[in-house]
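The values are calculated or read from the model by the stated rules, or taken from the named source; none is laboratory data. None of these values were measured; they are calculated from a predicted model. When we count neighbours, we look across all protein chains shown, and the Cβ atoms used for this are built from the backbone with ideal geometry, even at glycine.
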Amino acid sequence: MENNMLKVYAVCEKALSDGNLSKEEILVLLKCPEENSDIIFQTADAVRKKEVGDEVHLRGLVEFSNYCKKNCEYCGIRGKNKNIERYRLNKEEILATALRAESLGYRSVVMQSGEDPYYTAEILADIISAIKAQTDLAITMSAGEFTYEEYKTIKEAGTDRYLLRFETSNEELYKKLHPDSDFHQRIECLHILRDLGYQVGSGFMVGLPGETPEIFADNLLLLQKLDVDMAGIGPFLPNSDTNLAGASGGTLVNSLKAVAIARLLLRNAHIPATTAMGSLDPKGREKALQAGANVVMPNVTPEEFREMYQLYPNKICLRDDPAHCRKCITGKIQGISRIVSKEHGHSLKVKKEY
Ligand code: SF4
């Protein structure tokens, strides 16, 4: 056997019982040839089974606004993109969507938008309070950066979790891709969210132009350092309405490796099989679930708005109604001998300071 594969086997063997992999060990896994990568996915699957079991948590995704004041280079709903129609859901529409999600059996929803100044912390808090008053849903908010006081207002309204991806751990690359954001501010927001008692989610994109294996490894190590409760990882998929239209996108194998290594490092964190993976490969989400993931986020946004919320191209399920999506995803999960959870899917981590 080649020396490199011996190293891959050794790292996998260690990772079965110990999540403290060094950067060098992570690089061994990242550099493993595609045709030999199954061992990494199988190891992550074994760790997933041991740490979080066979249940898959469903989070219904509510894309409530595609307005955004920012201009992230990879994003199809960036403020300067004049080629898309913009929409906002009002309080009643969001509440009706949440109620529908609950009636379809969801225990949890993720409310996602661009950074839309229309939704102040007070407006969001009012919407969250209404959902909490009328449902038993756990709520994740994913609406970008706010101040400490604003995050506090949103938390006190009943929000359980907040998802804020850092996308890349490399400060220089971050600056290039996010002309109106600051890397340190992003990380500070994640610390604030933790201080305020949110279950914190973060993550990154795989295959961004400028990403090196070292940056890739650092992305994974940053997730571990932040001790996230949830890790959202998906491939970069070039959008034709952006300056990165001609760039090559992230690959499925690298995205699966990212999920797998995240599982090895983060142990009992929740890790979604992201929709972007399903967009890259028809079996992408099932493959991710068999490489360490334990969450799926089917879209529950009303059908008429879905086409307008495309951060990346060829997004799946744009024309499927929420009831169809719910049934379809249940079939996929059961098809790989996994179980749809009936729980809220709260963090399994013991809270600690970082
Ligand atoms: S990635 Fe988020 S913040 Fe950046 S432009 Fe897109 S929606 Fe706005």
Identify, from the list Lys69, Lys132, the residue that is within 15 Å of the ligand (Cβ to nearest atom), of a type in the set (Lys, Arg) and at pLDDT 95 or above.
Lys69
When you look at Gly53, is it small (Gly, Ala, Ser), within 16 Å of the ligand (Cβ to nearest atom) and out of contact with any helix residue (DSSP H, G or I) (no Cβ under 8 Å at 6 or more places or on another chain), yes or no?
no
With the stretch 221-332 as the region, which helices (runs of 4 or more DSSP H) entirely inside it contain at least 1 residues that are buried (at least 18 other Cβ atoms within 10 Å of the Cβ) and at pLDDT 95 or above?
252-266, 284-289
Mind listing whichever residues of the stretch 168-186 are outside any helix (DSSP H, G or I) and touching a residue at least 60 places away in the same chain (Cβ under 8 Å)?
His178, Pro179, Asp180, Ser181
For the stretch 196-214, the count of residues that are surrounded by fewer than 17 Cβ atoms within 10 Å (Cβ to Cβ) and either free of Cβ contacts under 8 Å to residues at least 12 places away in the same chain or among the β-branched types (Val, Ile, Thr) (or both) equals 1
Residues in the stretch 100-119: is at least one within 21 Å of the chain's Cα centre (by Cα), among the charged types (D, E, K, R) and within 16 Å of the ligand (Cβ to nearest atom)?
yes
Matching residues, the stretch 84-96, being more than 14 Å from the ligand (Cβ to nearest atom) and modelled with pLDDT under 95
Glu85
Boolean, Ala245 is out of contact with any Pro (no Cβ under 6 Å at 6 or more places or on another chain) and of a type in the set (A, V, I, L, M, F, W, C)
no
Say we look at the stretch 145-165 and pick out the residues that are more than 17 Å from Cys68 (Cβ to Cβ) and part of a loop (DSSP other than H, G, I, E, B); which of these is nearest to the ligand (Cβ to nearest atom)?
Thr147
